[in-house]
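The structure appears right after this line, and notes come after that.
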Amino acid sequence: QVQLVESGGGLVQAGGSLKLSCAASGRTFSTYGRGWFRQAPGKEREWIATISRFGLNTYYADSVKDRFTISRDNGKNTVYLQMNSLKPEDTAVYYCAASNIVGSRSESEYNYWGQGTQVTVSS
């Protein structure tokens with residue numbers, strides 16, 4: 001089992017930045033690829049970024065590419081999402097997740113999920 005806990009969400013003005021963290025406990029952290037998803041009110045949860053087990057490969061949705069950066073520190077069992085140039089449409093609950101499948105972008109391929117952290121971007 002892997003337990004995931006997100007933190008770092010909050011309220012920020014458009015154009016601002018936030019850095020989300022996701023701390024893991026349980027099974028060996030580096031075994032899993034990690035991803036970030038988000039769910040805006042009234043919308044389905046969407047994939048936004050993935051990082052491979054040792055951080056060598058990263059993947060981004062077009063909606064966040066060049067603004068968001070996913071990274072991980074296996075020594076601290078933590079994955080991060082640096083979010084810059086935030087827009088009101090980035091407002092959502094952000095979830096981190098862990099997958100046995102490297103580079104996965106599919107929600108169904110993630111085995112473990114955090115509880116989510118709210119990010120609100122004001123205009």
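Structure data summary
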| item | result |
| --- | --- |
| Index of the failed condition, residue 11 passing every other in (1) in a strand (DSSP E or B); (2) free of Cβ contacts under 8 Å to residues at least 40 places away in the same chain; (3) closer than 17 Å to residue 117 by Cα | (2) |
| Verdict on residue 88 being open to solvent by 10 Å² or more (accessible area, probe 1.4 Å), at pLDDT below 95 and not polar (S, T, N, Q) | no |
| Answer from 98, 61, 40 - the residue that is modelled with pLDDT of 95 or more and touching a Lys or Arg at 6+ places or on another chain (Cβ under 9 Å) | 61 |
| Residue 42 open to solvent by less than 70 Å² (accessible area, probe 1.4 Å) and assigned to a loop (DSSP other than H, G, I, E, B) | no |
| Which listed residue is among the charged types (D, E, K, R) and on the phi > 0 side of the Ramachandran plot, from 90, 66 | 66 |
| Matching residues, the range 91-104, being crowded, with 18+ Cβ neighbours inside 10 Å, in a loop (DSSP other than H, G, I, E, B) and in contact (Cβ under 8 Å) with a residue 60 or more places away in the chain | 104 |
| Filtered residue count, the range 66-90, keeping only those that are of a type in the set (D, E, K, R) and assigned to a loop (DSSP other than H, G, I, E, B) | 4 |
| Those residues of the range 45-73 which are in contact with a helix residue (DSSP H, G or I) (Cβ under 7 Å, 6 or more places away or on another chain) and either more than 20 Å from residue 115 (Cβ to Cβ) or open to solvent by less than 10 Å² (accessible area, probe 1.4 Å) (or both), in sequence order | 53, 54 |
| Which listed residue is within 23 Å of residue 3 (Cα to Cα), in a loop (DSSP other than H, G, I, E, B) and either touching a Pro at 6+ places or on another chain (Cβ under 9 Å) or of a type outside the set (Asp, Glu) (or both), from 37, 54 | 54 |
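The values are calculated or read from the model by the stated rules, or taken from the named source; none is laboratory data. Here the structure is a predicted model, which means the values were calculated and not measured. Neighbour counts are summed over all protein chains in view; Cβ atoms, including those assigned to glycine, are modelled from backbone coordinates with ideal geometry. Note: accessible area is taken over every heavy atom of the protein model, side chains too, but ligands, DNA and RNA are not part of it. Shrake-Rupley method; radii C 1.70, N 1.55, O 1.52, S 1.80 Å.
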